[in-house]
Each structure stands twice: as structure tokens, then as C-alpha cells.
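Student: Okay, here's the structure, questions in a sec.
The values are calculated or read from the model by the stated rules, or taken from the named source; none is laboratory data. Just so we're clear, the structure is a prediction, and the values are computed from it rather than from any experiment. Glycine also receives a Cβ, built like all others from the backbone with ideal geometry; neighbour counts cover every protein chain displayed.
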């Protein structure tokens, strides 16, 4: 390692170089001769601080990665995207769609499911269905009954745009009275915010 002494290069002996390597990084190439001790102390302090910061960031990133992995396939925002609670009207035709908190807007996945339901209903013209609206446990009974009805109506209206007669679709809201998951967690709530299409005959 090269040192600058009074503007002239000099070289550390092998023993000092070995000791110095234990304290400084490989890219710490040039050190002022007169400030060597002070610079090393400051460098070590910076090195320790940087190490602690890097360690903390690694822990944070690891925790975020673990949380993200745990949530993969379960939630997008607060809308359930898993398959654990889903049943089927027919092969390849899921019976339910899910909603965000306090929302009745159909997601892209919900619209895809309802298009499959509509295609199946067009092929089975003798079948009528009931669209059930559900909410999670939060909020009053009255609020959730109204919210469940709006969700069921959103699903019914979308089915109608794909040629299914309103005469074949009944709507009912159960509000928060029929949870599919009795837990009080974001995952449980997301599974309970749903509309379910069931055969009526």
C-alpha cells in the first residue's frame, strides 16, 4: 500500500501492511502520513456505522421479501386473489368474485370470472341463478346488508351485459351474516368480501 510522506511516495513494511488490511477496505489506497492515526479512527467509525446501516437495510429487505412471498397468490391490494374458498358452477367456471374494502367495483379478475359464468349460462339456458352479496365483519349489520346488495347487483349487471336475462338472475344480500372465514384478519376479511353465483334450480 502506498503512503504519501512530504509529497514523496513511500511503502509500508509487510507487517504494518498486514495490520492495516485488517482495519481498512481494499479501496482505501492513499492516506496522509501526518493524519494516519486520526484517519484510521475516523475510518473505523464510518466503517462500523456503514456496517450497521447495511445490516439494518438487509434485515428490512429480508422482512419485506418474506412478507411479499407470504402474500403471493393471496392478496392484491386488499382484494383476495387466492383459490382456497372458491367453488365451481361447472368445470372451469368459478362461482365467486371478490371486492376491495367498502367497494363494489369489479376487478379485472372478477370480470373474467363473470364472463366465464355468462358463457356457461348461455349454454345452459334452463338454469337460473342467485347472486349472493357478502361483506366482511366490520361495520353495522345494516351497512353491510346494503353493501352486499350493491356487490350482488354489480355482478348481476355484468352478467346481463353478456346476454343473460335479468329473469334468470335473483339477487340477495347476506351482509356479514355468512362469512366463509370466521377469522378477524385482512386475509379473512378479503375472502368474505364477495359475491357468489349459485344455481337456483
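Student: Across segment 87-108, what is the total count of residues that are under 20 Å from residue 74 (Cα atoms) and either surrounded by fewer than 15 Cβ atoms within 10 Å (Cβ to Cβ) or modelled with pLDDT under 95 (or both)?
Tutor: The number of residues fulfilling the criteria is 6.
Student: Right, here's the next one. Given (1) crowded, with 17+ Cβ neighbours inside 10 Å; (2) in a helix (DSSP H, G or I), identify the lone condition not met by residue 119.
Tutor: The single condition residue 119 does not satisfy is (1).
Student: Determine, yes or no, whether residue 152 is in contact (Cβ under 8 Å) with a residue 40 or more places away in the chain and surrounded by 15 or more Cβ atoms within 10 Å (Cβ to Cβ).
Tutor: Details: in contact (Cβ under 8 Å) with a residue 40 or more places away in the chain: yes; surrounded by 15 or more Cβ atoms within 10 Å (Cβ to Cβ): yes.
It is true that residue 152 is in contact (Cβ under 8 Å) with a residue 40 or more places away in the chain and surrounded by 15 or more Cβ atoms within 10 Å (Cβ to Cβ).
Student: Which of the residues spanning segment 172-187 are buried (at least 21 other Cβ atoms within 10 Å of the Cβ) and closer than 21 Å to residue 117 by Cα?
Tutor: Across segment 172-187, the qualifying residue is only 173.
Student: OK, next. Tell me, please, whether a residue that is within 23 Å of residue 82 (Cα to Cα) and either at pLDDT below 95 or in a helix (DSSP H, G or I) (or both) can be found in segment 160-180.
Tutor: No, because not a single residue in segment 160-180 is within 23 Å of residue 82 (Cα to Cα) and either at pLDDT below 95 or in a helix (DSSP H, G or I) (or both).
Student: Another one. Taking the stated definitions as given, is residue 142 part of a helix (DSSP H, G or I) and either surrounded by fewer than 16 Cβ atoms within 10 Å (Cβ to Cβ) or at pLDDT 95 or above (or both)?
Tutor: It is true that residue 142 is part of a helix (DSSP H, G or I) and either surrounded by fewer than 16 Cβ atoms within 10 Å (Cβ to Cβ) or at pLDDT 95 or above (or both).
Student: For residue 135, only one of the following conditions fails: (1) surrounded by 15 or more Cβ atoms within 10 Å (Cβ to Cβ); (2) more than 21 Å from residue 76 (Cβ to Cβ); (3) touching a residue at least 40 places away in the same chain (Cβ under 8 Å); (4) touching a helix residue (DSSP H, G or I) at 6+ places or on another chain (Cβ under 8 Å). What is its number?
Tutor: Among (1) surrounded by 15 or more Cβ atoms within 10 Å (Cβ to Cβ); (2) more than 21 Å from residue 76 (Cβ to Cβ); (3) touching a residue at least 40 places away in the same chain (Cβ under 8 Å); (4) touching a helix residue (DSSP H, G or I) at 6+ places or on another chain (Cβ under 8 Å), residue 135 violates only (2).
Student: Here is a follow-up. Can you give me the number of residues within segment 82-97 that are assigned to a strand (DSSP E or B) and under 16 Å from residue 134 (Cβ atoms)? Before the answer, list the steps.
Tutor: To start, the set of residues in segment 82-97 that are assigned to a strand (DSSP E or B) comprises 88-90, 93-94, 96-97.
Imposing the further condition that a residue be under 16 Å from residue 134 (Cβ atoms) reduces the set to 94, 96-97.
The total comes to 3.
Student: Here's another thing I want to ask about it. Is it the case that some residue within segment 188-199 is in contact with a helix residue (DSSP H, G or I) (Cβ under 9 Å, 6 or more places away or on another chain), at pLDDT 95 or above and surrounded by fewer than 21 Cβ atoms within 10 Å (Cβ to Cβ)?
Tutor: No: zero hits.
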